[in-house]
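This report refers to the structure that appears directly beneath it.
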């Protein structure tokens, strides 16, 4: 049975739980919170972007942003 990704809105899930799930499946994983203006609701909104990189065992991935 396939593992399910934790719900980020749940009290027990969240950023840590998803990052842990990704690091179990990928060599390198990070999470970045992005803030942006929200013209529909006014003010500022945020979203989380997850980046996961597969690679060879023992190698260090090169991440270019």
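Computed from the coordinates by the stated procedures, all read-outs in this text should not be read as laboratory data. Here the structure is a predicted model, which means the values were calculated and not measured. Quick reminder, even Gly has a Cβ in these numbers, built from the backbone with ideal geometry, and neighbours come from all protein chains shown.
Say R0 is 22 Å: what FRET efficiency, to the nearest 0.05, do residue 45 and residue 17 get from their beta-carbon distance?
Taking R0 as 22 Å, the efficiency between residue 45 and residue 17 is 0.50.
Using 7 Å Cα-to-Cβ label points, what is the residue 52/residue 30 separation (nm, one decimal)?
If labels sit at residue 52 and residue 30, their model points lie 1.7 nm apart.
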